[in-house]
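See structure below.
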Amino acid sequence: MTSTSPTIAVVGTGTVGAMALWQLARRGIAAVGFDAYAPGHDRGGYGGQTRIFRTAYREGAEYVPLLRRALEGWRTLETETGSTLLTRTGGLTIAPEGHPDLDMVRTCAAAFDLPHEELSPTESMERFPQLPVEPDETVFLDRTAGVLRPEKSVIAAATRAESLGATVHRYCPVQGIEADDHGVRLRTPEGQHRFDRVLLTPGPWATELAQSAALPLEVHQITTMWFQQRRPGEFGLERTPIVLRSGPTAYTSFPAVDGDTVKVSLHSVPRPRIPSAEHITRNPAPELVAAMREAVTRFLPGVHPDPVRVGGYADSFTPDGHAIAGHLPGLPNTTVLTGFSGHGFKMAPVLGEIAADLVVDGTTDHTITHLDPARYATTGEVAG
Ligand SMILES: Cc1cc2nc3c(=O)[nH]c(=O)nc-3n(C[C@H](O)[C@H](O)[C@H](O)COP(=O)(O)OP(=O)(O)OC[C@H]3O[C@@H](n4cnc5c(N)ncnc54)[C@H](O)[C@@H]3O)c2cc1C
C-alpha cells in the first residue's frame, strides 16, 4: 500500500466483496475483509455449484458493456489463479415469439454485435434433442454464455487477494459500524477496528443496512433442485447449453457439471421473502416440488423428475431488479454494493472493479447510472 492509500475494510467477502479485495490488491491496496463465515461458504448468494454467464441480457442492454468487461475479468482471474472458473457452453433463451425477454436479447445482440444464432424449434431439437421446444417458441442461442463455478470463484478471488497482501478475517461477523467524517469503526467479536473507509457487500444479509438506510431491499430465497439424468452423458457439459425458458413455465437449467445431475431453478413460482439468509430452508413446500416435477417432466424428459438434492440460497432484491452501487446519504466514508436481485454473480469481476473505483476514487468510469442508490436512498445511519 502506498503512504497515500486509504485504509479500507470490506464487510462481506462473498461474491462482490472477494472480487473487490482482489481488485484493490491488484492496485496495491491491501484491504481488510471480514466475513461472518469464510469465502466459499454455501449459506448466501452464491452457493449451489453453478451460476450462469451470458451477454445478451434480458435484464437490459445497459448491462452489455459491464458483462463484456466481466468476461475479461473472469479470464484474468483464471490466469492469475490457474483455475477454470467459466466453461463456455452457449446459452438458450427459449420463449414464445413476442415475449419481452426474446425482444431484449435480440436488441442486445443487434446493438453490440454479439455472437448468436436464432433456431426454430426443429433446428434446436436437432442440435439439442435433450431440450424439447414447443412449436410456438423461438430459440435464441447466446454463443458467449456458459457456466461459472461460484464457490471456487469466490475462493480464488479471496485467496489471490490474500497472496497480494489483503487480509481476510474469517468467521468474524461485523456487529456494528460507526462512520463519521474521520473514518469508520467496526465492532467484531475480535474487538474494534478503525479504517479510513468501508465497503459494505453484505448480500442477502443486507436487512439491517436496508432498515438503517431506508433502502427498499428485500431478501428472497431461491430454491434449486438437482435431477438425475436417465442416460449417461446426455446432459454433459460438452453437449448441453444453459437454458433460460421464459413464458408460463419459466426456469433456468444447467448441464450436468458433475456428470450426473441437472440443476433446475423454477422462476414461475413465488420466491419466499425471508428476514435474511440465516432463515433459508432446505425443505421445499409440496407445491414447489409439484410445480418442479411438472416442469421437468414436460421440458426435461431425460431426467428423473424427483429431485435427488435440494438447495436453498438467497439474494437481496430491489423493486426494479437493478442493484445498488454507490454512496448513501448520511453514511460518510461508506460505499455500498448490494441488491443484485438474483443476477449479480456473472458480473462479479467488474463489480469488484467498480467497488474498488468507488471506495478509492469516489467515482468510476463504468456506466452504472441504473445502479445509482439515489433512486432510493433518502438518509441513514450505519447499523451493525
Ligand atoms: C439460487 C440462486 C441462483 C442464482 N443464479 C445466478 C446466475 O445464474 N447468474 C448470476 O449472475 N447470478 C445469479 N444469482 C445471483 C448471484 O448469485 C447474487 O446476486 C450474488 O451472489 C450476490 O453477491 P453478494 O456479494 O451481494 O452476496 P454474497 O455472495 O452472499 O456475499 C455476502 C457476504 O457477506 C457476508 N456477511 C454478511 N453480513 C456480514 C456481517 N455483518 N459481517 C461479516 N460478513 C457478513 C456473508 O457471509 C457473505 O459471505 C443467483 C442467486 C441465487 C440465490
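The values are calculated or read from the model by the stated rules, or taken from the named source; none is laboratory data. Just so it is clear, the structure is predicted and the values come from calculations on it, not from any experiment. Cβ: placed from backbone, ideal geometry, glycine included. Neighbour counts: every protein chain shown. What goes into the accessible areas is simple: the full protein's heavy atoms, side chains included, and nothing from ligands, DNA or RNA. Shrake-Rupley method; radii C 1.70, N 1.55, O 1.52, S 1.80 Å.
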* Using mean Cβ contacts within 10 Å as the protection proxy, how do 127-135, 251-259 order, highest first? -> 251-259, 127-135
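Leaving out ligands and nucleic acids, note down the accessible area per residue over the chain with a 1.4 angstrom probe, in whole Å².
Per-residue accessible area for the chain comes out at 39 Å².
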* In segment 243-351, carbon and sulfur make up what percent of the accessible area (probe 1.4 Å)? -> 54 percent
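Using helices alone, I'd like the mean residue ellipticity at 222 nm for the chain: each DSSP H run of four-plus residues gives -39500 (n - 2.57), total over residue count, nearest 500.
For the chain, the value works out to -8000 deg cm²/dmol.
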* **Net length gained if the chain between Arg68 and Arg239 were fully extended (0.36 nm per residue, minus Cα distance)** => 59.2 nm
* Plugging the Kirkwood radius over Cα pairs into Stokes-Einstein for segment 1-123, at a temperature of 20 °C and a viscosity of 1.002 mPa s, what D comes out in µm²/s? -> 124 µm²/s
* Determine the sum of side-chain charges near Ser253: Lys and Arg each +1, Asp and Glu each -1, restricted to other residues whose C-beta is under 10 angstrom from that of Ser253. => +2
* Asked: Which net charge results for the neighbourhood of Gly312, defined as the other residues with beta-carbon distances under 14 angstrom from its beta-carbon, given Lys and Arg at +1 and Asp and Glu at -1?
  -> +3
* Asked: Once segment 169-285 is represented by equal point scatterers at the alpha-carbon sites, with solvent omitted, what log10 I(q)/I(0) does the Debye formula produce at q = 0.09, 0.15 Å⁻¹?
  -> -0.45, -0.86
* To do: Quick one: angle between helix 286-299 and the longest Cα principal axis of the chain, in degrees between 0 and 90, rounded to 10, please.
  => 50 degrees
* Angle between the Cα long axis of helix 348-361 and the longest principal axis of the chain, 0 to 90 degrees, nearest 10? -> 20 degrees
* Asked: How far apart, in nm, are the 7 Å Cα→Cβ label points at Ser83 and Arg27?
  -> 2.3 nm
* Asked: Over the chain, one equal point on each Cα, no solvent: what is log10 I(q)/I(0) by the Debye formula at q = 0.15 Å⁻¹?
  -> -1.34
* Asked: Ordering Arg58, Arg68 by how much accessible area each has at a 1.4 Å probe, largest first, what is the list?
  -> Arg68, Arg58
* Asked: Within the P(r) computed for segment 93-220, what percentage of the Cα pairs occupies the region above 18 Å?
  -> 73 percent
* Structure fact -> Over segment 71-142, the quotient of the Cα radius of gyration and 2.2 N^0.38 Å is 1.36
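Which percent of the accessible heavy-atom area of segment 39-104 goes to carbon and sulfur, probe 1.4 angstrom?
49 percent
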* **segment 305-323-segment 18-67 distance, computed between alpha-carbon centres (Å)** => 16 Å
* segment 244-285 pair-distance distribution - Cα-Cα, 5 Å bins, rounded % -> 6, 17, 18, 19, 21, 16, 2, 0
* Asked: With axes computed from alpha carbons, what is the tilt in degrees of helix 64-81 against the longest principal axis of the chain, rounded to the nearest 10 within 0 to 90?
  -> 80 degrees
* For labels at Thr281 and Asp372 in the simple 7 Å Cα→Cβ model, what's the distance in nm? -> 4.1 nm
